[in-house]
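One structure is given below, encoded as C-alpha cells.
The values are calculated or read from the model by the stated rules, or taken from the named source; none is laboratory data. This is a predicted model, so every value here is computed, not measured. Cβ placement follows ideal geometry from the backbone for every residue including glycine, while neighbour counts extend to all protein chains displayed. For accessibility, only protein heavy atoms count, side chains too; no ligands or nucleic acids. Shrake-Rupley method; radii C 1.70, N 1.55, O 1.52, S 1.80 Å.
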Amino acid sequence: MVHIRPLETVESALRASDAGMRDADNAALHGVTIKTIRRWRRDYQRRGKRRGGLSNSVPCPRCDGAVLDEQAYSELFGWYLGDGTITVLRRGIFGLHVFNDSRYVVLNQHVLELMRRVKPGGSPSTRRTSCTIITSWWKHWPCLFPQHGPGYKHTRRLRMEDWQRDIVEAHPADFLRGLFHSDGCRVNNWATRTVAGEKKRYDYPRWQFTNMSPEIMRWCGEALDLLEIPWRRSNHKTLSVSTRAAVARLDELIGLKS
C-alpha cells in the first residue's frame, strides 16, 4: 500500500511515538486519526515493515553477504549479552529487545541508532514498562547473535563464533561499552586510613560489571585485557576495574552512562 500521508508525516509520528507521546496527542499533532497512529506503530514498529509499504527484506551479512557495520555490531553485541533477548513473532520474524533504565534517555536513543546501523533501513522502536525496551524486528537476528537459545543465558553454555571474536578484537572498547552500559555501573567507593594518628576517608570511583554467565564474564575480561586495563573478580558474578588509572582509561573509552 502506498502512503496517503506524506512519508515525512509517518516518520515524524513514529519518532514522536518512540519518544513516548500518547497516541491521542500524536494523532492531534499530525492531523490523523488515533487508528492511523496505531496502524503505523503496528506495521512499522512491531512488525518491522519498511517505510513506503515495501517488505522487510534487508539482506543479512551472514546469509547474503551484506556489509556489516562492525563497530556498531560490536557494541550491540555487548548490549545483547548484558540486557538483551531475542523472541520470535511469526513467519520466522525475530525481535531483538534491549532493556534499559528509562532514566538514560541518551543511551536509549543510542541503542536505537546502533540497531539502525546494524540493520540499515530498519525501524527500531521503544516502549516503556518498568523500563525502556528498544526493539527491532528482522528474520536474521539469530544469524547475527547465535548465542540465542531457550532459557536464560547463564543457564546454558555460550560460544563466541570466530567471526564475532574477530569483530570484538577489532573493536574491544565498543564491546565493553555495550557490556558496562547494560550490565555494569560506575560507583563511588570509600576507605579509611590512619595518617599521622588521624583517621581520614578516601573516596574513589570504580567500574563494576555483573553477570551470571561465566562465558560473558570471561569475554568481558578478555576485552579489558586487549586494552591493557587491569581488572579483578570480586566474586563469581562481579568484575571490577578499580585503580585510578584504569577507571580513567575506561571512562575515556566508553563514557559515562547518561
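For the stretch 138-160, indicate whether the set of residues that are assigned to a helix (DSSP H, G or I) and either among the acidic types (Asp, Glu) or open to solvent by 70 Å² or more (accessible area, probe 1.4 Å) (or both) is non-empty.
yes
With the checklist (1) over 22 Å from Asp166 (Cα atoms); (2) out of contact with any Leu (no Cβ under 8 Å at 6 or more places or on another chain) in hand, flag the one item Gly95 doesn't pass.
Here Gly95 meets the rest and fails (2).
Just checking, how many residues over the stretch 174-213 are touching a residue at least 24 places away in the same chain (Cβ under 8 Å), open to solvent by 70 Å² or more (accessible area, probe 1.4 Å) and farther than 20 Å from Ala245 by Cβ?
Total meeting the criteria: 1.
Against the definition (in a strand (DSSP E or B) and surrounded by fewer than 20 Cβ atoms within 10 Å (Cβ to Cβ)), how does Thr126 come out, yes or no?
On the way: in a strand (DSSP E or B): yes; surrounded by fewer than 20 Cβ atoms within 10 Å (Cβ to Cβ): no.
The answer is no for Thr126.
Taking Ile133, is it hydrophobic (A, V, I, L, M, F, W, C) and closer than 23 Å to Glu222 by Cα? Show your work before the answer.
Numbers: hydrophobic (A, V, I, L, M, F, W, C): yes; closer than 23 Å to Glu222 by Cα: no.
So Ile133 fails the test.
Check the stretch 164-173 and report whether any residue there is open to solvent by 30 Å² or more (accessible area, probe 1.4 Å) and free of Cβ contacts under 8 Å to residues at least 40 places away in the same chain.
Taking the stretch 164-173 first, the residues open to solvent by 30 Å² or more (accessible area, probe 1.4 Å) are 165-166, 169-171.
From what is left, the residues that are free of Cβ contacts under 8 Å to residues at least 40 places away in the same chain are 165-166.
The answer is yes; a qualifying residue exists.
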